[in-house]
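Here the structure comes first, spelled out in structure tokens, and everything after it is commentary.
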Amino acid sequence: MNELRDDINFKNYDVTKYRPYKDYRGQCSFKSIKEKKMLWPTIEKNVIDDSYVIRPIKEQEIEEVVEIYRIGYPDLYGNTNNEIVYWSDTLYEYLQSKNGFMKGNKILIVEEKLDEKKLVGSMIAKKDDGNMSIYFEHAVIHPKYRSKKLFKELCKYCDELGEKAGAEYGFIMAATFHTITQKVFEELGWKVRGIFPGAIALWNYEDKYYRHSAVYYDKFYNKGQELVPKEMDITPIVESIKECLLKEE
């Protein structure tokens, strides 16, 4: 994939005449805003055990990957922020940019079973150039081919994209009905940052939905942790949670 991006459009005005809410000078490292730059690296194929290959999706494969989402993660049905992966037109539009298909801030990575020439897994990576961060979403493995190894290799592949793209911070979410997902994230160095009870409305049989809880994880890339001020102004309750979540930092 070529190194293309949607340029960050900083409107030109003199921000230096204003004052930030709080002065954090001396508490962390800083970079110039002009240094902000993220680029998708040239994405190479990765072959697993001579049986599977991980690579970017092709335009003509959209319908095939949509069916993987429908059979592998039907729970998202009815969730307007997430069910874009169920329809070829909405998924195609989601991956489009002013530069063309998969040449903007979103890319979709697939796993293909070589001997069957069949897609069996997928994950979307989305970068935020202005925030120097990357977000991973809609990871799925076809039920017939599910294995911890396949899922972990897909996550490792996308994780490396974040590092090579220049991200300083990564964010990912795991459903609480699937501990394998959580274990894989933790094995790959992602840190638990919280549990959001009832964060997502999910389908569950017939025409019913419920509110599912999710675990949120993050990770620093490219020394992003050095840009984080050590001081936080938080309440005692939040302080007790912080001590638990940051004890391994």
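Observations on the model:
- FRET efficiency estimate (nearest 0.05) - Cβ-Cβ, residue 18 to residue 92, R0 41 angstrom: 0.50
- Multiplying each eigenvalue of the alpha-carbon gyration tensor of the range 103-249 by 5 and taking the square root yields semi-axes of 28, 22, 14 Å, largest first, rounded to whole angstroms.
- Cα centroid separation - the range 179-249 against the range 31-59, whole Å: 25
- Quotient of C-alpha Rg and 2.2 N^0.38 Å, computed over the chain: 1.10
- Anchor residue 17: lysines whose Cα lies under 28 Å away (excluding residues fewer than 8 positions away in-chain): 31, 34, 36, 37, 230
- For the range 159-168, putting each phi into the Karplus relation 6.51 cos²θ - 1.76 cosθ + 1.60 with θ = phi - 60° gives couplings of 4, 5, 4, x, 4, 6, 6, x, 4, 9 Hz, in residue order, rounded to whole numbers and with x for Gly and Pro.
- Per-residue Karplus couplings for the range 100-110, computed as 6.51 cos²θ - 1.76 cosθ + 1.60 with θ equal to phi - 60°, are listed in order as x, 5, 6, 10, x, 9, 10, 9, 10, 9, 10 Hz, Gly and Pro entered as x.
- Entries of 117/164; 45/103; 45/149; 106/183; 126/148; 106/223 with Cα pairs more than 20 Å apart: 117/164; 106/183; 126/148; 106/223
- When you restrict to C-alpha pairs under 8 Å that are six or more residues apart and normalise by the size of the chain, the relative contact order lands at 18 percent.
- Computed [θ] at 222 nm, deg cm²/dmol, the chain (DSSP H ≥ 4; -39,500 (n - 2.57); rounded to nearest 500): -6500 deg cm²/dmol
- For residue 79, no residue 5 or more places off, or on another chain, has a built amide H under 5 Å of its own.
- The share of C-alpha pairs in the range 77-144 whose separation exceeds 21 Å stands at 31 percent.
- Approximate spin-label separation residue 188-residue 28, in nm, with each point projected 7 Å along Cα-to-Cβ: 2.4
- Diagonalising the gyration tensor over the Cα atoms of the range 70-184 and scaling each eigenvalue by 5 before taking the square root yields semi-axes of 22, 18, 15 Å, largest first.
- The amide H of residue 120, built 1.01 Å from its N in the peptide plane, has 111, 112, 113 as neighbours under 5 Å, considering only residues 5 or more places off or on other chains.
- 0 to 90° range, to nearest 10: angle between helix 62-72 axis and the chain longest Cα axis: 90
- Longest DSSP-loop-exposure-free segment, trypsin sites (Lys or Arg not before Pro), the chain, at most 16 other Cβ within 10 Å: 147-207
- A viscosity of 1.567 mPa s and a temperature of 4 °C, combined with the Kirkwood radius over Cα pairs in Stokes-Einstein, give a translational diffusion coefficient for the range 1-135 of 73 µm²/s.
- At most 14 other Cβ within 10 Å, DSSP loop - GluC sites (Glu not before Pro), the range 1-106: 3, 44
- Residues considered: 21, 205, 69. Largest GNM mean-square fluctuation over the chain, using C-alpha springs under 10 Å, is found at 21.
- In sequence order, the range 74-80 has phi-based couplings of x, 4, 6, 4, x, 8, 4 Hz under the Karplus curve 6.51 cos²θ - 1.76 cosθ + 1.60, θ = phi - 60°, and Gly or Pro positions carry x.
Coordinate-derived values only; no laboratory data. As the structure is a prediction and not an experimental result, all values here were calculated from the model. Don't worry about glycine lacking a Cβ; one is built from the backbone with ideal geometry, like all the others, and counts go over all protein chains shown.
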